[in-house]
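Presented below is the structure to which this report refers.
The values are calculated or read from the model by the stated rules, or taken from the named source; none is laboratory data. Quick caveat: nothing in here was measured; it's all calculated off a predicted structure. Heads up, the Cβs are rebuilt from the backbone with ideal geometry, glycines too, and the neighbour counts pull from every protein chain shown. Heads up: the accessible areas ignore ligands, DNA and RNA and are worked out on the full protein's heavy atoms, side chains in. Shrake-Rupley method; radii C 1.70, N 1.55, O 1.52, S 1.80 Å.
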Amino acid sequence: MNKILFFFFMLFSSSIAVSAFDFEFVNKIEDLTEKRVRSLVNKIDPQAIVLVNFQFKEEALDGTLPGTYLDVSIFQQRFATNNVFPHLIKSLEISIYWSGERSENWVDEKLKSLFNLKDNQVTIRHEKMDSETLGVILENNKNKNVLFFFEQLQSHLNALKEQWVFPVSLAFFGLILLSFIVFTFVSLKGQHSLQKEMQALTVAISTQSGEETRGFQGDSLKNSQPANPENSGASSAESTIQLSAEQSLALLSDCYWCELDEYAIYIWKFLHTTTREQIMSLWPTTEQYLRAISHIEPKNLGYEHHPAYLRPLRLENVSQQDLVEWLTKQPQAWSLLSPLRQIHLPIGLAERMKFMKASPLTVDQIKLPEIISKPRVLSGLRLQLNLTQNDELYLLSNHHLISLEERRNFQTLLWFSKRDLEYKKSILSPISARDLATAWIGPEEILNEIAQAIPEKKRKLLDEYRQNIKANRMSPVFQYLLQKGLEEEKDVA
């Protein structure tokens with residue numbers, strides 16, 4: 001009895017399962033059929049509506065599976081309409097609602113061949129869609145298209161956002177950082193440039209005022225002695241100065257017009273032979289100038305590495321006086337001048353400040369002056385002659401035969417001794433006895449004439465210092481007295 005109940009239970013369960021399968025299978029067949037018909041019809045009318053309705057064969061559903069209406073062969077077939085229709089379909093009804101123009105005969109022929117059914121099995125109805133329904137469909141399609149467009153747009157934007165948000169953020173941060181660095185660099189460069197200009201201005205003012213107010217007190221004279229090239233700039237003096245011919249020419253001509261002859265000697269001493277030859281071919285004045293100053297001790301002022309000489313202006317034929325006139329017409333060129341030219345320009349503070357405020361130009365924008373200035377009087381430069389006592393006595397006896405320009409070639413206190421007494425007193429008064437001892441060299445006949453302008457007490461101190469101090473013609477005091485002896489000189493009988 002239990003076996004019979006179990007058999008009926010299994011039969012009932014199988015019937016329910018197959019019935020569920022039957023319903024799902026029919027839905028798939030309808031969906032597949034409708035899609036195939038619509039794919040064909042929509043090629044002609046995209047707005048057309050397709051409805052599909054079909055009936056199964058009852059005799060085909062009788063059979064082998066107990067308690068069901070489906071044949072077992074159904075489960076082995078693929079869900080393709082051309083396979084299942086001939087076995088299962090009794091009739092197929094297709095309704096097509098057209099929105100516009102239609103091709104009924106062509107569609108009928110294609111649909112019948114598509115499903116492999118007989119003519120009496122397929123019924124195809126064609127109807128025109130009413131305007132209200134068509135409007136609803138068009139509006140829905142429009143909304144779908146718009147929605148699809150925005151969905152695609154949003155998708156692309158999201159992809160771009162994910163792809164570019166980090167690089168763009170990084171680039172923006174980098175731009176801000178770069179702007180900050182550039183701003184900081186420009187600010188520091190401006191401050192540095194202003195400091196250099198003010199320093200140059202301070203040096204220029206000190207240079208101009210120092211010539212008039214220089215005193216000869218104590219060790220101040222010793223500190224003013226020309227620097228020994230072995231002690232000043234020794235590291236750069238040991239090797240050849242690496243400057244091109246044009247750069248070296250600019251530096252030498254600046255020394256020429258600024259009367260920095262000791263620095264010109266230093267530069268020439270450490271230039272390569274090839275560079276020297278090129279300079280002499282570019283500037284004929286070179287040979288005469290260097291012959292005249294060859295006796296001077298070299299002194300390194302350290303300007304050979306200044307940026308102004310990387311691309312220097314060609315001003316070798318322009319004196320300082322003519323340079324001022326040119327700057328008055330073209331003040332923008334001030335920033336391109338070398339520091340030697342700037343410091344030694346014969347102008348006042350007001351003019352310097354005016355030039356410094358002018359907007360700078362590049363070397364290529366500057367129109368160079370076409371002036372050829374009057375050369376310096378090189379014959380006035382002193383020669384280093386080792387005069388003996390007899391040489392100076394000869395000059396003393398024949399001083400009336402020597403012109404003012406020729407006197408500049410002889411380093412002797414003879415010319416100072418021949419000045420009037422009051423003039424000599426005014427010059428010797430600020431100089432201490434100790435400093436005078438460094439310059440007290442020459443025949444007694446010449447020194448006695450100078451001693452008449454010195455008070456007796458100071459003369460005694462001078463004699464005491466002379467016991468321990470060796471006089472030198474290159475000492476600052478000797479050079480100072482020599483200069484004053486030739487300054488505004490008048491021939492004496």
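Quick one: accessible area per residue over segment 283-375, 1.4 Å probe, rounded to a whole number of Å²?
55 Å²
Show LEU178, LEU393 ordered by accessible area, largest first, where the area counts protein heavy atoms only and the probe is 1.4 Å.
The residues order as LEU178, LEU393, largest area first.
How much of the accessible area of segment 419-493, probe 1.4 Å, is carbon plus sulfur, in whole percent?
Carbon and sulfur atoms account for 48 percent of the accessible area of segment 419-493.
Among residues other than GLN247 whose Cβ falls under 10 Å from its Cβ, what is the net charge (Lys/Arg +1, Asp/Glu -1)?
-1
If ligands, DNA and RNA are left out, what is the accessible area of PHE185 with a 1.4 Å probe, given in Å² to the nearest 10?
130 Å²
Tell me, what is the percent relative contact order of segment 228-381, built from C-alpha pairs under 8 Å that lie six or more residues apart?
Taking the mean separation of contacting Cα pairs over the length of segment 228-381, I get 27 percent.
Could you report segment 413-454's accessible area per residue, 1.4 Å probe, as an integer in Å²?
About 37 Å² of surface per residue is accessible.
Counting residues in segment 411-459 as N, plug N into 2.2 N^0.38 Å and put the Cα Rg over that result.
1.03
Give the separation of the Cα centroids, segment 429-481 to segment 242-269, in Å.
Each part's Cα centre sits 35 Å from the other's.
In the full protein assembly as shown, how much of SER281 is accessible to a 1.4 Å probe, in Å² to the nearest 10?
90 Å²
Just to make sure I understand: if all protein chains stay in place, what is the order of TYR394, TYR465 by accessible area at 1.4 Å, largest first?
Final ranking, largest accessible area leading: TYR394, TYR465.
So what are the ³J(HN,Hα) numbers for segment 314-326, from phi and the Karplus equation (6.51, -1.76, 1.60; θ = phi - 60°), rounded to whole Hz, Gly and Pro as x?
Karplus-based 3J(HN,Hα) across segment 314-326 equals 7, 10, 5, 9, 10, 6, 5, 5, 5, 5, 5, 5, 5 Hz.
State to the nearest 20 debye the size of the charge dipole of segment 260-350 about its Cα centre, where the only charges are +1 on K and R beta carbons and -1 on D and E beta carbons.
So the magnitude is around 200 debye.
How much of the accessible area of segment 314-374, in percent, comes from carbon and sulfur atoms when a 1.4 Å probe is used?
Of all accessible area on segment 314-374, carbon and sulfur atoms account for 54 percent.
Determine Rg/Rh for segment 338-493; Rg is computed over alpha-carbon atoms and Rh is the Kirkwood hydrodynamic estimate from the same atoms.
Rg/Rh for segment 338-493 comes to 1.14.
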